[in-house]
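Bear in mind that the values in this text are calculations on the coordinates, not laboratory data. No experiment lies behind these values; they were computed from the predicted model shown. When we count neighbours, we look across all protein chains shown, and the Cβ atoms used for this are built from the backbone with ideal geometry, even at glycine.
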Amino acid sequence: MKIKKIQLIAVMAFGCLIAAGCKSHYQMTSFTGGRYAIDSKYDVNQDRDAITIIAPYKRTVDSIMSPIIGHSDHLLTAYRPESELSNLVADILRNAVSEYTGKPADVGIMNMGGLRTSLPEGDITFGNIYEITPFENSLCIIKMSGKDLRSIFSDMAKVHGEGLSGAQLVISKEGELISANVSGRNLDDNKTYVIATIDYIAEGNDHLNTFRKFSDAEKIMPKGATVRQLFLNYVTATERQGKKVNSKIEGRIIVKE
């Protein structure tokens, strides 16, 4: 993991609080930044007093996060235009709609930015799922016309792909939507489709701007249906069936050369 270390050098008038909105004639004079790897070298000279203080809290966290809840067939990662992990989570969102409407959504959409790390091969713990989905994002169900869905697919093409389920897109290297189908059929601008995504995307974030046209009244967000909980439910259900979590690249988003 890497973090960005930012050093700001600024001079402020004595007693002046920026948060209070006061004015100052002083300005920032310089700015420096860089990336620093956070790895095992920082464990060489550990602060024993700090370790003693956090030990009881670490034991509590480990007891929650360490239990094995399932197994993965192989390493699943997230990347554009299509990846195994993004396919899996988009499938989970689309299929989760069955519990609330009686059948899966027509299309599932998950942003790559919401998948913060990979799912390892082998043992899957609570901690793994929390690391992949650290945000409190909730399932969001929206009905929309094929015309609006086409616009969303165009938004996805511009960013060169997001997690997608139930549909196939052909896009250009320049980020233009060439064609789209849903469940193997050409997208019908006049048909109504049910879309499963997360509240963050439904607000029009991550450049999926078309979602902004939908009001809160048009969005259904089932209570307690966070993407993390849905992911956990899927892993534990798969384990009960004696199966391993698996996913593959299926040509859901094809980049035309």
Exercise for the section: Compute the acute angle (0 to 90°) between the alpha-carbon long axis of helix 84-96 and the principal axis of greatest extent of the alpha-carbon atoms of the chain; round to the nearest 10°. Expected result: 60
Handout entry: Farthest toward positive dipole pole in region 68-256 [+1 Lys/Arg, -1 Asp/Glu at C-beta], among Met221, Ala167, Val235
Key = Ala167
Practice task
Give me the angle, in degrees from 0 to 90, between the Cα long axis of helix 146-158 and the longest principal axis of the Cα atoms of the chain, rounded to the nearest 10.
Solution key: 40
Practice task
Taking amide H positions as placed in the peptide plane 1.01 Å from N, state which residues far from His74 in sequence (5 or more) or on other chains have amide H under 5 Å from it.
Solution key: Gly122
Handout entry: Packing rank of 156-164, 104-112, where each peptide gets the mean count of other beta carbons within 10 Å, highest leading
Key = 104-112, 156-164
Practice task
Calculate how steeply helix 227-240 sits against the longest principal axis of the alpha-carbon atoms of the chain, using the helix alpha-carbon long axis, and give the answer as 0 to 90 degrees to the nearest 10.
Solution key: 70
Fill in the blank from the handout: Over all directions, the chain yields a Cα convex hull whose mean projected area in nm² is 20.3
Exercise for the section: Pairs of Cα atoms under 8 Å, at least six residues apart: use those to get the relative contact order of region 49-164, whole percent. Expected result: 35
Handout entry: Given Lys143/Lys223; Lys143/Lys173; Lys173/Lys248, the pairs whose alpha carbons are separated by over 25 Å
Key = Lys143/Lys173
